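J.: Below you will find the structure I want to go over with you.
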Amino acid sequence: MAALPLATAEVCDANPHLIMNGELCALQPIFQIYGRRQVFAGPIVTLKVYEDNVLIREFLEEKGHGRVLVVDGGGSMRCAILGGNPVQQAQNNGWAGIVVNGCLRDVDEINGCDIGVRALNSHPMKANKKGMGEKHVPVTIAGTRICDGEWLYADTDGILVSRTELTV
């Protein structure tokens, strides 16, 4: 189910009507780029956690089928909720990418993985392991409300979220 990567700037230029009616949104440019795959796209799976990475690991242990995990980590800059092992697992399980409204660690390891990753920054401290959070709920990240089943398109220009799959 891997989506065809589209250039985000071209998508915006070609679809002003989708931007005007709110079906296509650009996330505010707050994310750092990690991983070897700078361009990625796929259907979204949402997760809301705070300084806890148990549910993130559980999701990434599943087959990704070209999906993108979007994690609202509350924007916490106090610890990393994503690390090298789960990202390696996501790569091996066929996830297209991971977008984290929070921090990650093991940057060199993540940058060696063939997967797209976006996060606010890196942080050396690990997260809690209580298993707290909400799966498949709407999240608001970088000024945009994101729902399960919507589509995410990311490249070096930015990140777009669309209510439906886009074609060229």
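J.: Which one of 117, 137, 100 is more than 14 Å from the chain's Cα centre (by Cα) and aliphatic (A, V, I, L, M)?
T.: The unique qualifying residue is 137.
J.: Being charged (D, E, K, R) and under 14 Å from residue 71 (Cβ atoms) is the filter here, so list the residues in region 109-133 that pass it. Steps first, answer last, please.
T.: From region 109-133, those charged (D, E, K, R) are 109, 114, 118, 126, 129-130; that's our starting set.
Within region 109-133, just 118 meets the criteria.
J.: Can residue 8 be described as touching a Leu at 6+ places or on another chain (Cβ under 6 Å) and either charged (D, E, K, R) or open to solvent by less than 80 Å² (accessible area, probe 1.4 Å) (or both)? Show your work before the answer.
T.: On the way: touching a Leu at 6+ places or on another chain (Cβ under 6 Å): yes; either charged (D, E, K, R) or open to solvent by less than 80 Å² (accessible area, probe 1.4 Å) (or both): yes.
Spelling it out, residue 8 is indeed touching a Leu at 6+ places or on another chain (Cβ under 6 Å) and either charged (D, E, K, R) or open to solvent by less than 80 Å² (accessible area, probe 1.4 Å) (or both).
J.: Modelled with pLDDT under 95 and open to solvent by 10 Å² or more (accessible area, probe 1.4 Å): does that describe residue 167?
T.: Working: modelled with pLDDT under 95: yes; open to solvent by 10 Å² or more (accessible area, probe 1.4 Å): yes.
Answer is yes for this residue.
J.: Something else now. Within region 1-54, can you find the residues that are farther than 19 Å from residue 120 by Cα and assigned to a loop (DSSP other than H, G, I, E, B)?
T.: 1, 2, 3, 4, 5, 6, 7, 15, 21, 22, 23
J.: Same structure, new question: Looking at region 14-31, I want the residues that are within 23 Å of residue 100 (Cα to Cα) and have a partner that is assigned to a strand (DSSP E or B) and not hydrophobic (A, V, I, L, M, F, W, C) with Cβ atoms under 7 Å, at least 6 apart or on another chain. Which pairs are those?
T.: Matching pairs, first to second residue: 23/162; 24/162; 25/144; 26/158; 27/144; 27/158; 29/158; 31/118.
J.: Oh, and also: Looking at the structure I just gave you, is residue 69 in a strand (DSSP E or B), open to solvent by 10 Å² or more (accessible area, probe 1.4 Å) and within 18 Å of residue 143 (Cα to Cα)?
T.: Values: in a strand (DSSP E or B): yes; open to solvent by 10 Å² or more (accessible area, probe 1.4 Å): no; within 18 Å of residue 143 (Cα to Cα): yes.
Against the criterion (in a strand (DSSP E or B), open to solvent by 10 Å² or more (accessible area, probe 1.4 Å) and within 18 Å of residue 143 (Cα to Cα)), residue 69 does not qualify.
J.: Can I ask one more? So, in region 134-162, of the ones that are open to solvent by 50 Å² or more (accessible area, probe 1.4 Å), in a strand (DSSP E or B) and among the charged types (D, E, K, R), which residue ends up nearest to residue 118 (Cα to Cα)?
T.: Of the residues in region 134-162, the ones open to solvent by 50 Å² or more (accessible area, probe 1.4 Å) are 134-136, 138, 140, 143, 145, 148, 156-157.
Now narrow it down to the ones that are in a strand (DSSP E or B): 134-135, 140, 145.
This time we only want the ones that are among the charged types (D, E, K, R), so: 134-135, 145.
Numbers: 134: 20, 135: 19, 145: 17 Å.
Step by step, filter region 134-162, then rank; the result is 145.
J.: Let me ask something additional. Sort out which residues of region 93-128 are surrounded by 17 or more Cβ atoms within 10 Å (Cβ to Cβ) and assigned to a helix (DSSP H, G or I), and write them in order of number.
T.: 107, 110
J.: Now a separate question. Answer with yes or no whether residue 90 is buried (at least 22 other Cβ atoms within 10 Å of the Cβ), touching an Asp or Glu at 6+ places or on another chain (Cβ under 7 Å) and farther than 18 Å from residue 156 by Cα.
T.: Numbers: buried (at least 22 other Cβ atoms within 10 Å of the Cβ): yes; touching an Asp or Glu at 6+ places or on another chain (Cβ under 7 Å): no; farther than 18 Å from residue 156 by Cα: yes.
In short, no.
The values are calculated or read from the model by the stated rules, or taken from the named source; none is laboratory data. Since we're looking at a predicted model, the values are computed, not measured. Neighbour counts are summed over all protein chains in view; Cβ atoms, including those assigned to glycine, are modelled from backbone coordinates with ideal geometry. Protein only, heavy atoms only, side chains kept; ligands, DNA and RNA dropped before computing areas. Shrake-Rupley method; radii C 1.70, N 1.55, O 1.52, S 1.80 Å.
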